[in-house]
Each structure stands twice: as structure tokens, then as C-alpha cells.
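Q: Starting off with a structure, shown below.
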Amino acid sequence: MTGTPMADLIVVGGGLHGCSAALHAAKRGLSVIVIEKDNAGRHASGVNAGGVRRLGRNYAEVPISVRSMEIWHRIGDLVDDDCGFQRCPQIKVAETEAELETLEKRAADLRELGFTHEVIVDQQELRRLLPAVAPHCVGGLASLDDGFAIPYNTTFAFQRKARALGVQFFEKTRVEKVRRDGKDWHVDTSAGTFKGRNLLNCAGAWAGEIARQLGEHAPIEAIAPMMIVTARMKRFCDAVVGGCGRPLSFKQAENGTVIIGGGRRGYPDPKTNKSEMRFSQLRYSAETAIGIFPIMKSATIVRSWAGIEGRMPDDIPVIGPSSTHENAFHAFGFSAHGFQLGPAVGEIMAELIATGHTNAPIAPFSITRFAKS
Amino acid sequence: MSATTKNRYDVAIIGAGPAGMAAAVEVTRAGLSAIVLDEQPAPGGQIYRGIETSDEKRTKVLGPDYAAGRDIAKAFRACSAEYLPGATVWNIDSALGIDVSLGQGSKHIQAGAIVVATGAIERPTPMPGWTLPGVTTAGALQILLKANGVVSDDVVFVGSGPLLSLIAAQMLKAGVKPRAIVETVPQSRYVAALKHLPAALGAASYLVKGLAMMLSLRRAGVPIYRDATGIRIEGNGKAEAVTFTSGGKSHRLETTSVALHQGIVPNQQVTRLLRCDHEWNKSQHCFVPKVDEYFETTMADVYVAGDGAGIGGAVAARLRGRLAGLRIAEKAGRGNAQERRSVTDALMREAKIRPLLETLYAPSPEILAPADETLVCRCEEVTAGDIRKAVDLGAPGPNQVKSFLRSGMGPCQGRMCGLAVSEIIASRRGEPISEIGYYRIRPPLKPLLLSELAALESEEAVPADLADESAAVH
């Protein structure tokens with residue numbers, strides 16, 4: 001490199017959150033550099049199940065999720081690409097009366113908080129929405145206006161649009177050190193040093209080290225949620241389905257293949273970027289899928305994979321300013337459910353960085369919750 | 001040999017072709033326990049397929065090189081290795097645990113060392129019309145000949161490589177005359193290959209055999225069209241004709257059966273799954289796993305014998321299998337350095353013919369750069385143009401193209417399109433293919449029933465944190 005590249009904002013990490021924040025910051029007129037050690041969307045952002053889901057979220061996440069959903073419903077306006085987004089119900093299936101009661105309580109809680117997007121469906125309605133569901137399933141909780149998208153195409157579209165707005169991407173560039181020099185941030189990488197007025201940590205499973213260099217404690221754990229895809233099947237499912245009592249994420253893609261995930265984890269190795277499947281665990285996902293959809297007994301798996309993702313101990317992300325430094329920010333640790341949040345969190349981070357404040361309710365996501373007393 | 005009874009073996013060998021069989025004989029001779037897992041119902045691999053049941057007539061048609069497999073199979077049957085036919089390996093983990101499907105259920109086997117002897121596959125040959133019914137690979141045609149003695153009577157062979165004339169000559173012996181051979185080798189290659197001729201004389205028997213085959217084809221009057229370009233397979237719903245240009249003239253051969261071939265390349269699914277390092281072999285124009293002189297990969301205790309380590313042919317495969325076996329024995333303290341040296345010497349003699357063959361029969365430029373509308377990934381119906389478009393949008397390599405277009409995500413896991421996709425990306429980006437790389441390969445290696453996975457024997461219980469994770473919808 002000749003000279004030191006400079007920008008108003010340096011984003012560490014080219015996943016969906018990094019690309020989204022970069023895009024929104026560029027829209028606000030900031031100059032932005034994104035530094036990514038692999039390629040954009042290489043990890044959790046590119047290989048997740050693609051669920052665009054408000055359903056079943058942690059209560060603290062619901063307002064941001066609802067805001068994000070509004071963006072998803074007109075995603076083409078933002079990134080000039082439909083991201084493969086399909087509107088369809090997200091349904092959490094209850095296999096027992098006790099499970100249905102849990103879901104009813106949740107729906108009531110949400111109504112009290114002022115949110116009406118999650119509704120209880122009875123057995124008859126469940127069967128109407130999911131004709132192939134097993135007879136023992138008694139009902140469910142549904143968010144009818146959710147959907148799914150194609151993860152890699154989405155991240156790629158955000159990157160492309162960000163680039164079109166002038167964001168510079170440095171891929172295959174590993175951040176080694178972030179340090180403060182006067183008012184500016186110096187980011188030392190495998191391709192030299194970058195300078196920025198602001199710093200945003202979107203490094204996913206690798207974000208803990210950046211936080212550490214800022215003097216902050218972020219007990220992030222690398223996890224590798226596993227997924228399976230089957231050969232094409234005749235269309236039988238027009239919703240994204242989850243389990244209530246057993247972890248599951250289940251949907252049939254446009255081309256007929258079925259994508260099954262949910263909770264089961266392989267072995268991640270963030271040092272080498274590799275993850276390994278753990279079929280002794282994945283078998284439970286297979287069992288659950290067949291349990292809820294008996295038609296899956298004859299399905300054939302053609303592929304399985306696991307992406308590396310960062311998980312926080314309380315399963316909600318870190319979103320907000322650094323607690324130790326001015327002009328440093330975090331958005332990481334989405335704990336395997338950050339995909340739907342990407343569009344809104346990027347918008348919130350850009351607002352926060354450009355103006356110094358946001359009205360979004362991000363207090364529960366402060367990094368200070370892990371500060372050692 | 002006995003049916004499988006154990007879950008732990010000193011050596012697991014995947015594939016019962018010449019390399020796998022030879023490795024099994026060698027390691028059991030040294031007193032190690034071994035299991036051989038093979039998808040086929042009987043030993044032999046593709047090259048010696050059906051060798052134990054082939055009658056005199058069929059063996060004569062297939063020739064003495066094929067008949068040589070008999071002794072190898074006999075020695076394999078006599079050794080103490082456990083042999084599991086009809087077994088599909090669908091996963092191998094980094095601790096050398098192997099998941100194998102036996103049709104009804106899956107079995108988990110723990111190995112101390114693995115010999116990958118999964119051989120070669122035919123190079124993908126994307127060209128107009130290659131997906132029409134009636135079009136097969138030349139190898140598939142030969143399998144029919146070996147397994148069932150079946151031959152088709154109006155075949156037009158299209159492509160490049162010694163296998164084309166071999167199969168055509170075998171068909172003649174079986175009493176069926178192929179319609180024609182449409183060879184894509186440009187004239188200039190003969191000139192380029194000439195400089196390798198002196199070295200090839202060190203393996204003169206191959207040259208003699210090659211000449212004899214050509215002679216028999218000429219005597220029988222099988223038309224051979226040379227330096228063919230602009231090849232298209234035409235037809236409405238099925239193959240009806242092959243059109244091409246040769247000798248400055250356009251030709252149209254009507255046929256319902258077309259056999260394509262552009263040489264063979266290592267079957268790298270297992271070594272890719274295990275994340276062994278691979279390198280681009282310029283001469284063979286394909287990726288090969290990096291191996292040391294004993295065919296051990298960059299992953300300790302994982303060996304690749306046979307054509308999987310780079311194309312060397314059946315004789316070399318057998319020698320490589322022996323060498324890998326001898327090395328494994330040596331590591332276990334049962335070495336025989338003298339024998340190892342003699343096998344290495346024989347391998348070097350065997351390799352002398354390769355530069356000539358590889359120069360002469362390099363893949364045709366047409367299949368390396370198919371036209372935009374040509375299908376490349378057959379499973380997901382992705383064209384060369386789709387791939388170029390994804391590259392133009394910024395996809396830097398095969399894995400991003402895969403994520404974008406689903407190419408290589410179908411049931412064949414990229415076997416049929418992998419090399420072609422890497423080639424197209426490399427040329428579109430103007431970067432060397434060694435930099436572009438290849439698909440990451442994920443398990444299962446072969447399609448697996450979901451119910452079979454659900455029934456997988458597991459010693460691991462459901463972890464408590466996951467069992468409680470009722471809200472897990474990703």
C-alpha cells in the first residue's frame with residue numbers, strides 16, 4: 001500500500017452486520033473502510049439458515065427485530081436486490097399441551113409489551129398452514145409476516161451496494177491490532193496500517209479479541225451451528241418451522257430442497273476458520289425433523305455444514321458504544337440469530353456513529369454487562 | 001476374510017481397486033488389522049470391475065491387462081483384511097473416525113491410518129448437448145462392457161485420451177463396430193508430445209499396445225476424425241447427432257449413442273473433506289493431493305494410493321498401494337526398506353510414459369471454456385454464463401460461486417462440475433487456477449437417508465444446554 005488509507009469509519013469484519021453498518025454509514029456521508037480477514041460472508045452471515053424471524057426472540061431484541069422486519073419487507077429499496085427474501089409464516093410447533101401453554105403465555109407477554117405479530121394457532125389452523133405436520137402436534141405460535149432469505153446472496157448484496165456507495169473493502173486482510181493514536185484509530189493488519197476516526201467491531205466469533213484490545217471483557221464463545229440440506233422434494237411446506245420442545249429450524253427452499261438446522265452444534269476452530277460436523281448431535285435434528293414432518297423419513301441428505309458464529313453467555317448480542325474508548329463501537333455476538341437483525345442494527349450503528357446517539361433501545365446489549373466488578 | 005465384527009482397525013482402506021487391494025495385502029502381511037470399505041459388490045474397482053465373474057470370452061475381449069486383475073483379487077481374498085462390499089463412506093472426521101452406510105444402517109469405524117484408494121473420475125466435459133439422454137461417458141460404457149458384457153452398436157466416441165481407442169478396440173473384439181471416433185487432439189499436440197518420446201521408450205510396452213489398438217481400429221475401418229472442433233451433440237429430448245468441424249469440413253454423424261471422454265482426474269472428495277493440502281498439477285491439468293514419497297498426505301496417517309494421488313494407471317496404482325502399505329507397516333515398526341526401494345524403482349519406470357500421454361491428451365480447450373449457455377452444474381442447472389456473471393458481480397472463488405448459484409450443492413457434491421467451475425472462474429478473473437482453488441467438500445460424501453442419520457448409533461447424550469434450548473430457531 002502507498003500511504004495510509006484513512007476513513008471516517010473502519011469496520012472490522014465483513015459479515016452482514018459489518019456490510020450493513022458500512023452501507024448505512026456511507027448513506028450518511030461517511031467514508032468507510034471494511035477490513036475482512038477472509039471474504040465477505042464467509043462465516044455465519046453466508047451460511048446460516050436464512051430465517052428472517054421475529055418469532056420467538058428474546059424480549060429485549062423484539063423492538064429491533066420489528067424495525068428490521070420493516071426494512072426486510074422493502075429490502076430491494078435498500079440494496080437493489082431482493083436477497084431471495086420470501087415472505088412466509090414462521091411457526092413454532094407445540095407437540096404437547098404443556099408446550100402450547102408456554103407459547104400462549106409468551107404471546108400474552110408480547111401483547112402486554114405492545115407487540116401483536118406473534119399469534120397462537122390451534123391444531124386445525126396449524127394443519128391448514130402445515131398440511132404435512134405430524135398428527136400429534138397440537139398447535140403453535142406463528143408470526144405470519146416473517147420469512148426467509150438467501151444468506152450469502154444477502155450479505156453479497158449488502159456488500160455490493162456498500163461498494164457502490166464508495167465503501168472500500170479490504171478482504172483477505174487480517175486485523176492484528178487496534179490502537180489509539182491521538183483522536184484517531186490505527187488498525188494494524190496483514191496488509192499494513194489503516195487509520196480511522198471511528199472504529200466498529202463487527203468481527204463475529206473473532207470479536208472478543210478486538211474488545212480485549214480496547215480493554216473490555218466480552219466472554220464470547222465460538223460455536224458452529226450445524227445444518228443439513230436434502231435433495232429436492234415435492235412442495236409440502238410453505239412456512240419456516242421451529243420446535244417448541246425440541247430445537248429445530250426447518251424450511252423448504254424455492255427449489256424444493258429442505259434445509260434443517262436448529263441448535264445442534266459441531267466443533268468450531270476459529271483459529272483455522274474450520275468447523276467439523278458432529279453427526280452424533282446432528283442425528284437429533286434428523287430425528288426431530290422426522291418427528292414433526294413424517295414425510296421426511298424418505299428424504300435424502302446431500303450436504304451438511306456448519307458456520308462459525310459468536311455466542312454470548314446470555315444469548316443476546318453486544319450492540320453499542322465501547323465503554324472504555326470514545327469513537328469505538330461494537331455489534332457482535334449475535335448468538336446464532338443475527339441474520340434478521342442485520343439491516344436494522346447496521347442502521348442503528350450508523351446513526352450512533354454519525355450523530356453520537358440513537359433512540360433505539362440498545363441498553364440491554366451494552367458490553368458493560370460483562371464488566372468484571 | 002470374515003464379516004465385520006469390530007469397530008477399531010489399524011488401517012482402514014477405502015476402495016477395493018488395485019491400490020486398495022494391494023495396500024490390504026501389504027498391511028495384513030505385516031500383521032496389522034485392516035478393513036476394506038468399497039461401494040461395489042465385488043473387488044476390482046473400475047479397472048478390474050467384474051474380474052472374479054468375467055467368463056473367458058469377456059476376459060479375452062477386455063485383454064491381458066484386465067486379466068491381470070485376477071491374481072490381485074485372489075491375493076486380496078486370501079489376506080486377513082475384513083472386506084465390506086456395498087459400503088458407502090459418507091463421512092471421515094479429523095480423528096480418523098469413518099461413518100459408513102451399509103444400505104440399512106450406518107456404522108462408525110475408528111482407524112489408526114487410512115488409505116484413500118478411491119481412484120479417479122472422468123473429467124467433466126461440458127459441451128452443447130452433453131446432458132441429453134443417450135450421452136454417457138466412455139468410462140460408463142466400459143463399465144457396462146465389464147459388468148454385463150453390454151455393448152451399444154452405433155456409438156460415436158468424442159474426446160481425447162487413450163481410453164477412447166482402448167474401449168473402441170475392445171468393442172471391436174466383442175464384435176461390434178463403433179460408428180466413429182471424433183478426436184479433439186489438435187495437430188500441434190503431436191509435435192509437442194514428440195519431445196517426450198525418448199523418455200516414453202522406457203515404458204515401450206504401452207507404446208506397442210497403443211499402436212496395436214490404432215491398427216486394429218484402422219483395419220476395421222472405424223472412421224477417426226482428427227482435430228475436431230465446434231463439437232455439438234444435437235437432438236430433441238435425446239441424442240440424435242454429433243456435429244463438428246474436422247479437416248476444414250463440417251460433419252454431421254447421426255447416432256443415438258455418444259460416449260464422451262477427456263481423460264480422468266483424481267477423485268478428490270475424500271482428501272478435500274479431510275482438508276488435505278492439494279496442488280495444481282500442470283501436466284495433468286487437475287488438482288492432486290500433496291503427498292510425500294510414500295503417498296502420505298499433509299494429514300498424518302492419511303495416505304492416497306492409486307490414481308487419487310495423480311493419474312498413473314492400474315500398474316502404478318497397485319505399486320502405490322503396496323508402497324503405502326509398506327510405509328504404514330514401517331511406522332508400526334514392521335518395515336522392509338529393501339522391498340520399499342524396489343517398489344519405488346518400479347514406480348519410476350512406470351511413470352516414464354506419463355509426460356507423453358499428458359502432453360498429447362491434454363483436455364480440449366473447448367470443454368475448459370464452455371460457451372455461456374452450456375450447462376456446467378447438472379444437478380442445479382447452472383450454466384457457464386451464470387458462473388461468469390457471478391464472478392463479474394465479485395464472487396472471488398468456487399465457494400462463493402457455490403453459495404451464490406448453488407452450483408456443486410446437488411447430489412453429486414460437485415464431482416461433475418468442480419473442475420470446470422474452477423477453470424471458468426480462473427479464466428474470467430485472469431488468475432491462475434492454483435490460486436482459485438476448489439470447492440470445500442462437506443459431508444455426507446454421498447447422499448444419505450435422513451432416517452439413517454436419525455438412527456445413527458450414538459454414545460453421546462443430548463447435551464443439557466441444548467435440550468433446554470427451546471427457543472432455538474436459527
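The values are calculated or read from the model by the stated rules, or taken from the named source; none is laboratory data. Computed from a prediction, not measured in an experiment: that's the story for all the values here. As a convention, Cβ positions derive from the backbone with ideal geometry for all residues, glycine included, and neighbour counts pool all protein chains shown. Heads up: the accessible areas ignore ligands, DNA and RNA and are worked out on the full protein's heavy atoms, side chains in. Shrake-Rupley method; radii C 1.70, N 1.55, O 1.52, S 1.80 Å.
Q: Of B:V185, B:V151, which residue is surrounded by fewer than 23 Cβ atoms within 10 Å (Cβ to Cβ), under 16 Å from B:G263 (Cα atoms) and either more than 21 Å from the chain's Cα centre (by Cα) or not polar (S, T, N, Q) (or both)? Steps first, answer last, please.
A: On the way: B:V151 fails: under 16 Å from B:G263 (Cα atoms).
None of the other options fit; the residue is B:V185.
Q: Follow-up. Of everything in region A:89-108, what is more than 26 Å from A:P294 (Cα to Cα) and away from chain B (no Cβ under 13 Å)? Give them in sequence order.
A: If the condition is that a residue be more than 26 Å from A:P294 (Cα to Cα) and away from chain B (no Cβ under 13 Å), then A:A107, A:A108 are the ones that fit.
Q: If you don't mind, another one. Has region A:301-323 got at least one residue that is closer than 13 Å to A:A44 by Cβ, at the interface with chain B (Cβ under 10 Å from one of its Cβ atoms) and surrounded by fewer than 24 Cβ atoms within 10 Å (Cβ to Cβ)?
A: Yes, region A:301-323 contains at least one residue that is closer than 13 Å to A:A44 by Cβ, at the interface with chain B (Cβ under 10 Å from one of its Cβ atoms) and surrounded by fewer than 24 Cβ atoms within 10 Å (Cβ to Cβ).
Q: Which ones in region A:308-348 are of a type in the set (V, I, T) and more than 16 Å from A:G14 (Cβ to Cβ)?
A: Those that are of a type in the set (V, I, T) and more than 16 Å from A:G14 (Cβ to Cβ): A:I316, A:V318, A:I319, A:T324, A:I348.
Q: Can you tell me which condition A:A231 does not meet? The list is (1) open to solvent by 20 Å² or more (accessible area, probe 1.4 Å); (2) more than 8 Å from every other protein chain (Cβ to nearest Cβ); (3) more than 17 Å from A:E309 (Cα to Cα), and all the others hold.
A: If we test A:A231 against (1) open to solvent by 20 Å² or more (accessible area, probe 1.4 Å); (2) more than 8 Å from every other protein chain (Cβ to nearest Cβ); (3) more than 17 Å from A:E309 (Cα to Cα), just (2) comes out false.
Q: From A:I223, A:I259, which residue is open to solvent by 10 Å² or more (accessible area, probe 1.4 Å) and within 14 Å of chain B (Cβ to nearest Cβ)?
A: A:I259
Q: Still on this structure: Would you confirm, using the coordinates I've provided, whether A:C244 is away from chain B (no Cβ under 14 Å) and either buried (at least 19 other Cβ atoms within 10 Å of the Cβ) or closer than 30 Å to B:G97 by Cα (or both)?
A: On the way: away from chain B (no Cβ under 14 Å): no; either buried (at least 19 other Cβ atoms within 10 Å of the Cβ) or closer than 30 Å to B:G97 by Cα (or both): yes.
The answer is no for A:C244.
Q: Now for a different question. May I ask you to list the residues in region B:206-264 that are part of a helix (DSSP H, G or I), farther than 26 Å from B:Q284 by Cα and touching a residue at least 40 places away in the same chain (Cβ under 8 Å)? I'd like the intermediate steps shown before the answer.
A: Going residue by residue through region B:206-264, those that are part of a helix (DSSP H, G or I) are B:206-219.
From what is left, the residues that are farther than 26 Å from B:Q284 by Cα are B:215-219.
Answer for region B:206-264, where residues must be part of a helix (DSSP H, G or I), farther than 26 Å from B:Q284 by Cα and touching a residue at least 40 places away in the same chain (Cβ under 8 Å): B:S216, B:L217.
Q: Also, quick follow-up: Just a yes or no: is a residue in region A:47-58 of a type in the set (S, T, N, Q), under 27 Å from A:P313 (Cα atoms) and buried (at least 17 other Cβ atoms within 10 Å of the Cβ)?
A: Yes, some residue in region A:47-58 is of a type in the set (S, T, N, Q), under 27 Å from A:P313 (Cα atoms) and buried (at least 17 other Cβ atoms within 10 Å of the Cβ).
Q: On to the next question. Of the numbered conditions (1) within 14 Å of chain A (Cβ to nearest Cβ); (2) of a type in the set (D, E, K, R); (3) open to solvent by 30 Å² or more (accessible area, probe 1.4 Å), B:E339 satisfies every one except a single condition; which is it?
A: Only one criterion is unmet by B:E339, namely (1).
Q: I've got another one for you. Would you mind stating whether A:A363 is open to solvent by less than 20 Å² (accessible area, probe 1.4 Å) and more than 10 Å from chain B (Cβ to nearest Cβ)? It would help to see each step written out before you state the result.
A: Working: open to solvent by less than 20 Å² (accessible area, probe 1.4 Å): no; more than 10 Å from chain B (Cβ to nearest Cβ): yes.
Taking the combined requirement at face value, the residue does not satisfy it.
Q: Residue check, A:K372 against (1) modelled with pLDDT of 95 or more; (2) in a loop (DSSP other than H, G, I, E, B); (3) among the basic types (K, R), all met but one. Which one?
A: For A:K372, the failing item is (1).
Q: Hey, another quick one. Which of (1) open to solvent by 20 Å² or more (accessible area, probe 1.4 Å); (2) in a helix (DSSP H, G or I); (3) of a type in the set (F, W, Y) is the odd one out, the single condition B:Y83 does not satisfy?
A: Of the numbered conditions (1) open to solvent by 20 Å² or more (accessible area, probe 1.4 Å); (2) in a helix (DSSP H, G or I); (3) of a type in the set (F, W, Y), the odd one out for B:Y83 is (2).
Q: Among the residues of region A:28-60, which ones are of a type in the set (D, E, K, R), closer than 21 Å to A:T189 by Cβ and more than 9 Å from chain B (Cβ to nearest Cβ)?
A: A:E36, A:K37, A:D38
Q: Shifting gears a bit: Quick check on this structure: which one of A:R264, A:R278 is in contact with a Phe, Trp or Tyr (Cβ under 7 Å, 6 or more places away or on another chain), free of Cβ contacts under 8 Å to residues at least 40 places away in the same chain, within 14 Å of chain B (Cβ to nearest Cβ) and under 17 Å from A:I308 (Cα atoms)?
A: Working: A:R278 fails: free of Cβ contacts under 8 Å to residues at least 40 places away in the same chain.
None of the other options fit; the residue is A:R264.
Q: With B:D292, B:D277 as the choices, which residue is in contact with a Ser or Thr (Cβ under 7 Å, 6 or more places away or on another chain), over 24 Å from B:Y66 (Cβ atoms) and without any contact (Cβ under 8 Å) to a residue 24 or more places away in the chain?
A: B:D277 is the lone residue from the list that is in contact with a Ser or Thr (Cβ under 7 Å, 6 or more places away or on another chain), over 24 Å from B:Y66 (Cβ atoms) and without any contact (Cβ under 8 Å) to a residue 24 or more places away in the chain.
Q: Considering only residues that are open to solvent by 10 Å² or more (accessible area, probe 1.4 Å) and of a type in the set (D, E), look in region A:123-181 and name the one that is farthest from the chain's Cα centre (by Cα).
A: Filtering region A:123-181 for residues that are open to solvent by 10 Å² or more (accessible area, probe 1.4 Å) and of a type in the set (D, E), the one farthest from the chain's Cα centre (by Cα) comes out as A:D181.
Q: Could you tell me how many of the residues in region B:395-414 are in a helix (DSSP H, G or I) and either in contact with a Leu (Cβ under 6 Å, 6 or more places away or on another chain) or facing another protein chain (nearest Cβ under 9 Å) (or both)?
A: Final tally of qualifying residues: 5.
Q: Hey, another quick one. Considering every residue within region A:19-41, establish whether at least one is under 30 Å from B:L405 (Cβ atoms), out of contact with any strand residue (DSSP E or B) (no Cβ under 7 Å at 6 or more places or on another chain) and polar (S, T, N, Q).
A: Yes, some residue in region A:19-41 is under 30 Å from B:L405 (Cβ atoms), out of contact with any strand residue (DSSP E or B) (no Cβ under 7 Å at 6 or more places or on another chain) and polar (S, T, N, Q).
Q: Got a sec? Which of A:I367, A:I353 is modelled with pLDDT of 95 or more and closer than 30 Å to A:G263 by Cα?
A: Details: A:I353 fails: closer than 30 Å to A:G263 by Cα.
After ruling out the rest, the residue left standing is A:I367.
Q: Within region A:339-360, restricting attention to residues that are of a type outside the set (A, V, I, L, M) and open to solvent by less than 10 Å² (accessible area, probe 1.4 Å), which residue is nearest to the other protein chains (Cβ to nearest Cβ)?
A: Going through the qualifying residues, I end up with A:Q340.
Q: Consider A:F332 carefully, then state whether it is under 19 Å from the mean Cα position of the chain (by Cα) and more than 10 Å from chain B (Cβ to nearest Cβ). Spell out how you get there, then give the answer.
A: Details: under 19 Å from the mean Cα position of the chain (by Cα): yes; more than 10 Å from chain B (Cβ to nearest Cβ): yes.
Taking the combined requirement at face value, the residue satisfies it.
Q: Please verify whether A:F293 is within 11 Å of chain B (Cβ to nearest Cβ), in contact with a Lys or Arg (Cβ under 9 Å, 6 or more places away or on another chain) and modelled with pLDDT of 95 or more, treating the condition exactly as stated.
A: Taking the combined requirement at face value, the residue does not satisfy it.
Q: I'm checking my understanding of the structure. Among residues of region B:399-433 that are touching a Phe, Trp or Tyr at 6+ places or on another chain (Cβ under 7 Å) and modelled with pLDDT of 95 or more, which one is nearest to A:Y152 (Cα to Cα)?
A: It comes out as B:S422.
Q: Exactly one of these conditions fails for A:V62: (1) closer than 18 Å to A:Q90 by Cβ; (2) open to solvent by 10 Å² or more (accessible area, probe 1.4 Å). Give me its number.
A: (2)
Q: Only one of these is assigned to a helix (DSSP H, G or I), more than 30 Å from B:I109 (Cβ to Cβ), open to solvent by 10 Å² or more (accessible area, probe 1.4 Å) and among the charged types (D, E, K, R): B:D372, B:D392. Name it.
A: Only one candidate passes the filter, namely B:D392.
Q: Okay, next question. Over 30 Å from B:I92 (Cβ atoms) and free of Cβ contacts under 8 Å to residues at least 12 places away in the same chain: does that describe A:E326?
A: Taking the combined requirement at face value, the residue satisfies it.
Q: What are the pairs with Cβ atoms under 6 angstrom where one residue, in region B:439-457, is more than 8 Å from every other protein chain (Cβ to nearest Cβ) and the other, located anywhere, is among the hydrophobic types (A, V, I, L, M, F, W, C)? Sequence gap at least six, or different chains.
A: B:I441/B:L273; B:L445/B:W90; B:K446/B:W90
Q: In addition: Kindly evaluate B:S101 against the criterion of being more than 18 Å from B:G17 (Cβ to Cβ), at pLDDT below 95, crowded, with 17+ Cβ neighbours inside 10 Å and within 13 Å of chain A (Cβ to nearest Cβ).
A: In short, yes.
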